[in-house]
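Peer 1: The structure under discussion is supplied below as structure tokens; questions concerning it will follow.
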Amino acid sequence: MKISSVARKATAIVVAMAAMGAASTAFAQSSIFPTGWDNKVRDRLFMRLGYTQTFTKTKSEEARDITGNVVSLQDFRNAYNLGNSITVTCMAEFGNQVTYTTDECNRLAAYDNQDPGNLSTDYSPFYQDYAFDIIRNNALVPLGLGGIGTPAGIKARSQKSVGTPTISLGYWLDDEQKWLVEAFVLAAPLSVKIYGDGFRDNGTANTLSGRHIATTKLLPPFAIASYNFGDKRSIVRPYVGVGAMYAIFFDGKTTSFFDEYQGGKTTLTTKNTFGFGPFVGVQSPITDAWHVNLSIGQIALKTTSTLVTSGTQMGANSAVLNDLPALVRQAIADGNTFWTGSTDLGYLNKASNFTDVTMELVKRSRNNASDLGTFVREQKMKITNTIVTFSVGRSF
């Protein structure tokens with residue numbers, strides 16, 4: 001018969017408490033304290049074994065580009081000029097390709113690949129302020145954008161609840177046992193999932209909203225200093241205090257979905273941080289040596305995550321394009337319609353997508369780069385943690 005999760009936890013607590021009792025007996029026989037300190041110090045010490053559950057609320061700032069846009073306005077200008085050059089060259093060399101292959105001309109040059117010699121340069125998007133200029137001038141400049149990078153409105157939030165077994169060590173500062181300091185000395189690292197959040201400029205949820213984008217490990221050592229009401233022999237002893245935590249983040253990993261959204265493999269690091277906040281609780285004896293304890297507190301943490309994306313690629317199917325401002329999204333759609341051909345502009349018999357063509361020209365203008373580069377983003381957030389701990393304690 002399988003033992004339930006609750007039964008396993010109960011068994012572990014019983015075994016641990018027995019071990020604590022044995023350790024207490026051994027301690028009494030061979031103390032680590034100097035002569036004369038034994039009773040005074042030992043009588044003020046206790047250990048607790050419990051379970052801590054943390055409920056989180058996240059307030060996130062928008063992600064921001066540290067290294068600049070993936071594609072800048074200057075990149076668009078360079079691509080525009082390169083597109084002009086390729087078009088002129090391909091038209092001049094039609095039927096006897098030397099500078100560019102037939103495939104390159106068909107894919108990158110703005111002419112009718114069935115009969116390029118009959119297409120006037122007046123209809124080329126590189127000569128008229130249409131396809132590239134839609135992005136370069138008509139869409140980006142009025143919005144004050146310096147190019148295409150991380151869309152506005154991209155936020156993040158931590159998962160709402162995580163928990164772990166904990167062991168704490170407490171020490172009464174006075175003989176009346178009014179003032180107490182308790183430190184959580186052992187806890188399993190928490191595995192915390194990070195989800196996307198935020199909205200586009202039209203108020204709809206962005207592509208990342210609600211999606212699992214990353215996971216990080218968290219080791220949160222913390223301590224509580226408290227004042228306990230009533231007598232030390234009271235059946236119920238409420239207390240108030242202040243808790244302090246130092247949050248250590250490590251082993252951050254992004255999901256494949258998020259990597260695809262960013263355009264390349266992304267690494268995640270989160271800055272360790274310190275926080276403090278109020279705590280309340282109640283303690284009740286079981287025997288002279290044993291007691292139970294319940295505490296509830298709140299600690300706010302402010303931290304910054306750094307994301308580094310390498311080998312960045314962007315194309316027609318990139319989900320990030322769906323979260324750009326509406327005017328830019330429309331400009332891209334118009335460019336795609338023009339480039340691939342439409343009922344009005346059927347002479348442009350193009351199979352390539354405008355976005356794919358644009359990005360290839362950008363990479364070519366960057367000395368034939370294989371990708372768009374490495375980019376660094378930052379995400380600042382405030383995580384408010386409500387911490388609930390139930391524990392069983394044993395006095396030394």
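Peer 1: For segment 267-302: of the residues being of a type outside the set (Ser, Thr, Tyr) and farther than 20 Å from Ile387 by Cβ, which is surrounded by the fewest Cβ atoms within 10 Å (Cβ to Cβ)?
Peer 2: Among them, the one singled out is Asp288.
Conditions (1) in a loop (DSSP other than H, G, I, E, B); (2) closer than 22 Å to Arg42 by Cα, marked per residue:
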| residue | (1), (2) |
| --- | --- |
| Val162 | no, no |
| Glu176 | yes, yes |
| Leu186 | no, yes |
| Lys193 | no, no |
| Ser234 | yes, yes |
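Peer 1: Testing Pro125 on (1) at pLDDT 75 or above; (2) out of contact with any Lys or Arg (no Cβ under 9 Å at 6 or more places or on another chain); (3) outside any helix (DSSP H, G or I), one condition comes back false. Which one is that?
Peer 2: Of (1) at pLDDT 75 or above; (2) out of contact with any Lys or Arg (no Cβ under 9 Å at 6 or more places or on another chain); (3) outside any helix (DSSP H, G or I), only one is false for Pro125: (1).
Peer 1: Here is a follow-up. Any residue at all in segment 343-359 that is under 15 Å from Gly315 (Cα atoms), modelled with pLDDT of 90 or more and not assigned by TED's automatic domain parsing to the domain that holds Gly297?
Peer 2: Residues of segment 343-359 that are under 15 Å from Gly315 (Cα atoms), as a first pass: 351-359.
The next check asks that each one be modelled with pLDDT of 90 or more; those that pass are 359.
With not assigned by TED's automatic domain parsing to the domain that holds Gly297 added as a condition, the list becomes 359.
Yes: one or more hits.
Peer 1: I'd like the full set of residues that are more than 25 Å from Val388 (Cβ to Cβ) and either in contact with a Ser or Thr (Cβ under 9 Å, 6 or more places away or on another chain) or hydroxyl-bearing (Ser, Thr, Tyr) (or both), limited to segment 213-232.
Peer 2: Scanning segment 213-232 gives Ile213, Ala214.
Peer 1: Determine which single condition Ser305 fails, assuming it passes every other condition in (1) surrounded by 15 or more Cβ atoms within 10 Å (Cβ to Cβ); (2) part of a strand (DSSP E or B); (3) over 13 Å from the mean Cα position of the chain (by Cα).
Peer 2: All conditions are met except number (3).
Peer 1: State which residue is surrounded by the most Cβ atoms within 10 Å (Cβ to Cβ) when the search covers only segment 148-184 and only residues that are more than 22 Å from Asn385 (Cα to Cα) and aromatic (Phe, Trp, Tyr).
Peer 2: The residue in question is Trp172.
Peer 1: Does Arg329 satisfy the criteria of being closer than 30 Å to Ile194 by Cβ, in contact with a Leu (Cβ under 8 Å, 6 or more places away or on another chain) and modelled with pLDDT under 95? Break it down stepwise before answering.
Peer 2: Working: closer than 30 Å to Ile194 by Cβ: yes; in contact with a Leu (Cβ under 8 Å, 6 or more places away or on another chain): yes; modelled with pLDDT under 95: yes.
Judged against the criteria, Arg329 is a match.
Peer 1: What single numbered condition from (1) touching a residue at least 40 places away in the same chain (Cβ under 8 Å); (2) part of a strand (DSSP E or B) fails to hold for Asp251?
Peer 2: Going through the list (1) touching a residue at least 40 places away in the same chain (Cβ under 8 Å); (2) part of a strand (DSSP E or B), Asp251 breaks only (1).
Peer 1: Any residue at all in segment 50-58 that is part of a helix (DSSP H, G or I) and either among the aromatic types (Phe, Trp, Tyr) or surrounded by fewer than 18 Cβ atoms within 10 Å (Cβ to Cβ) (or both)?
Peer 2: No, segment 50-58 contains no residue that is part of a helix (DSSP H, G or I) and either among the aromatic types (Phe, Trp, Tyr) or surrounded by fewer than 18 Cβ atoms within 10 Å (Cβ to Cβ) (or both).
Peer 1: Looking at segment 232-266, which of its residues are hydroxyl-bearing (Ser, Thr, Tyr) and either within 16 Å of Asn293 (Cα to Cα) or surrounded by 14 or more Cβ atoms within 10 Å (Cβ to Cβ) (or both)?
Peer 2: Answer for segment 232-266, where residues must be hydroxyl-bearing (Ser, Thr, Tyr) and either within 16 Å of Asn293 (Cα to Cα) or surrounded by 14 or more Cβ atoms within 10 Å (Cβ to Cβ) (or both): Ser234, Tyr239, Tyr246, Thr254, Thr255, Tyr261, Thr266.
Peer 1: Is it the case, given these coordinates, that Arg394 is under 20 Å from Ile66 (Cβ atoms) and either modelled with pLDDT of 95 or more or in a strand (DSSP E or B) (or both)?
Peer 2: no
Peer 1: In addition: For the condition surrounded by 16 or more Cβ atoms within 10 Å (Cβ to Cβ) and either under 30 Å from Leu208 (Cα atoms) or modelled with pLDDT under 80 (or both), what is the one hit in Ala23, Ala79?
Peer 2: After ruling out the rest, the residue left standing is Ala79.
Peer 1: Whether any residue in segment 206-223 is over 20 Å from Ala156 (Cα atoms), assigned by TED's automatic domain parsing to the domain that holds Trp290 and part of a loop (DSSP other than H, G, I, E, B) is what I want to check.
Peer 2: Within segment 206-223 (the criterion being over 20 Å from Ala156 (Cα atoms), assigned by TED's automatic domain parsing to the domain that holds Trp290 and part of a loop (DSSP other than H, G, I, E, B)), the answer is yes, since at least one residue qualifies.
Peer 1: A further question follows. Working only within segment 221-231, note down all residues that are surrounded by 14 or more Cβ atoms within 10 Å (Cβ to Cβ) and in contact (Cβ under 8 Å) with a residue 24 or more places away in the chain.
Peer 2: Across segment 221-231, the qualifying residues are Pro221, Phe222, Ala223, Ile224, Ala225, Ser226, Asn228.
The values are calculated or read from the model by the stated rules, or taken from the named source; none is laboratory data. Every value quoted in this text rests on a predicted model; they were computed, and no experiment measured them. For neighbour counting, all protein chains shown are included, and Cβ atoms are generated from backbone atoms with ideal geometry for every residue, glycine included.
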